[in-house]
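For reference, the structure discussed in these notes is given below.
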Amino acid sequence: MAFADLSNILWRGREMLELLLFKLEEEQLVLASARTRWLAHATREVELVLEQIRQVEVLRAAEVEVVAALLGLPPNPSLSALAEAAPDPWGKLFAEHRKAFLTLTAEITALADANRDLLTSGHRAVRETLLTVGGAVETYGPRGGTVTTGARPRLVDEAM
């Protein structure tokens, strides 16, 4: 029964990772559309899914210990070690779970990095715009550090 319980928990973990991928993609769409009104909601949803993943991870760790003891493995074995030691069909199923986890993790990492880049470039654009409006502009100096220049004269077309 422990093998089935572990497999069910692994399925739940995969579902949670797929939901995280979906929520990160939603967040990316909000960022790319520059409709920041919904950004806080999208980020909160990502955080909620991450909390659910943490809960599933605790269950998974506990069940892995039970299965490891049944198989005579040392505590906290990897999923690949479980797959090698488990009898069929569980070994093959655990190997498929591992493969799916690796794929999902790579996709999540790439999407999270892209979202971070979008957030950084958006923050930079807003900051530069505010500095320009405020009368100062930050540029790079000869040594590579940032330098704030003073107010510059502006031409204002009042006919508009």
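Where a number appears in this text, it was derived from the coordinates with a stated rule and is not lab data. Since we're looking at a predicted model, the values are computed, not measured. Note: ideal-geometry Cβ built from the backbone for every residue, glycine included; neighbour counts use all protein chains shown.
Scanning for something polar (S, T, N, Q) and under 17 Å from the mean Cα position of the chain (by Cα), does the stretch 52-61 turn up at least one residue? Checking the stretch 52-61: at least one residue is polar (S, T, N, Q) and under 17 Å from the mean Cα position of the chain (by Cα). Examine the stretch 3-23 for a residue that is part of a helix (DSSP H, G or I), crowded, with 18+ Cβ neighbours inside 10 Å and either aromatic (F, W, Y) or touching a Pro at 6+ places or on another chain (Cβ under 6 Å) (or both), and state whether such a residue exists. Yes - at least one qualifying residue is present in the stretch 3-23. Once the stretch 86-109 is narrowed to residues that are small (G, A, S) and touching a residue at least 60 places away in the same chain (Cβ under 8 Å), the residue that is surrounded by the fewest Cβ atoms within 10 Å (Cβ to Cβ) is A100.
Could you check the stretch 27-50 and list, in sequence order, the residues that are among the charged types (D, E, K, R), part of a helix (DSSP H, G or I) and surrounded by fewer than 16 Cβ atoms within 10 Å (Cβ to Cβ)?
R37, R44, E47
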